[in-house]
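What follows is one structure encoded as structure tokens, with my remarks underneath.
Throughout, read-outs are computed from the coordinates displayed, never taken from laboratory work. This structure is a prediction, so every number in the text was calculated from the model and none was measured. For neighbour counting, all protein chains shown are included, and Cβ atoms are generated from backbone atoms with ideal geometry for every residue, glycine included.
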Amino acid sequence: MPVTPTGPLAGLRVVEMDAIGPVPLVGLLLAGSGADVLRIARDGGDWDDATTAAAVMHRGKASVTLNLKDPAGAAMALDLIGRADAVIEGARPGTMERLGLGPDATLARNPALVYGRMTGWGQTGPRAMEAGHDINYLALTGVLSMIGPATRPVAPLNLVADYGGGAMNLAFGLMAALWQARATGRGQVVDAAMVDGVGFLASLFHGYQQTGLWHDGREANLLDGGAPYYRCYACADGRFMAAGPLEPKFYALMMCGLGLDPADWPQDDRATWPAATAAIGARFASMPQAHWTALFAGTDACVTPVLDLAQTRTDPHIAARGLFQPAGTAQAPVVPPWGADQRPDLAPARAMDTAGALARWPVRPSAAPR
């Protein structure tokens, strides 16, 4: 039977092709806002549905397992995509076309379909057919050169290219294309490349660099750990505090809290930055993290403890916001954003057979095969 999800995207049908990285996160984001997400899983796919990672990433989705290399499995996938409003996939360029599931075949079945393609390098360009990962896309866009200590670049997990430049880029592109399809009845392909998204995220820094406000290298600028008031400091117990008082009045609060006179260390005098960093570091190193956490709590000094993942799940502010919910045996972040009258409460991932998948989505007149 058809399902009736709630939320601002209720009624939106999305097929998520089995993938890792940004594609399942986009599916989760859409499901959290009420979209009906049906995942087409592969035999021996990237995540076993019994794993904790799958329980976290596939919340709110249904799934059906198909062998896309078998003509019958590919035909079933084409039927399901033809009944959807959007499909999202993360295969290498040309793969979906070889399976008979590319944009030409699917848009012929449903002209209003929005076809979301997630790749690292994009569908075109000299590197389009090359393999790559988050670190490679960051490297080529110049972003990796800005992150880490002065001695070497450091990859910021896979958060920037996969999820920032990838997933968020694809999600917004889908929404824009779906809005247009609603008005015109015409779908389109959304080519969401991580290099494109990361490049866009770095817009401000391109502006800074071309006007002399950003210097090459790391730990040499305002936001890369070069400034003494925007970096992490070790405490007596080996834990860390994050300091980010960019504004003068907040900087003064931090310095006074540390027992230092801000007048001795002018905030914007780059010549004093090394000495100021050493003085601030010495003060933080004199006491454990809990001391500084309590001292700066409730102030505007912009000083916070650096928590690990387990600690953040029990932090009072995070708990008060209700930012975690059960996902199988794990605790998973709630899918944002939510309106005042609706918070997502996603059901566990659930598998179904092909008959159930077809019954879930009756054929719409506009999507009927010609």
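Things worth noting here:
- Overall shape of the chain was characterised from the C-alpha gyration tensor. The equivalent ellipsoid obtained from it has semi-axes of 46, 24, 17 Å, in decreasing order.
- Label positions at Val306 and Ala139, each projected 7 Å from the Cα along the C-beta direction, are separated by 2.5 nm.
- Applying 1/(1 + (r/R0)^6) with r as the Cβ-Cβ distance of Thr314 and Thr293 and R0 = 22 angstrom yields a FRET efficiency of 0.95.
- Distance in nm between pseudo-label sites at Ala279 and Thr184 (7 Å out along the Cβ direction from Cα): 6.1
- Lys, Arg +1 and Asp, Glu -1 on Cβ, resulting dipole of the chain about Cα centre, debye, nearest 20: 880
- The chain - percent relative contact order, Cα under 8 Å, separation 6 or more: 20
- Region 80-191 - convex hull of the alpha-carbon atoms, volume per residue in Å³: 105
- Ordered from longest to shortest, the equivalent ellipsoid semi-axes for region 185-296 are 36, 19, 12 Å, each the square root of 5 times a Cα gyration tensor eigenvalue.
- Placing a pseudo-label 7 Å from each Cα along the Cα-to-Cβ vector at Gln210 and Thr6 gives an inter-label distance of 4.9 nm.
- Within the chain, helix-based [θ] at 222 nm, where runs of 4 or more DSSP H residues each add -39,500 (n - 2.57), nearest 500: -9500 deg cm²/dmol
- For region 152-169, 3J(HN,Hα) computed residue by residue from phi via the Karplus equation (6.51, -1.76, 1.60; θ = phi - 60°) reads 6, x, 10, 6, x, 6, 10, 7, 7, 7, 4, 9, x, x, x, 4, 5, 4 Hz, glycine and proline entered as x.
- Interatomic Cα distance distribution for region 254-322, bins of 10 angstrom, percent: 17, 43, 26, 13, 1
- The slack in the chain from Glu130 to Leu159, taken as 0.36 nm per residue of separation less the alpha-carbon distance, amounts to 8.4 nm.
- Measuring max minus min along each principal axis, the C-alpha atoms of region 1-133 give extents of 43, 34, 28 Å (largest first).
- Note on Thr95/Asp264: beta-carbon distance plugged into 1/(1 + (r/R0)^6) with R0 of 56 Å gives a FRET efficiency of 0.35.
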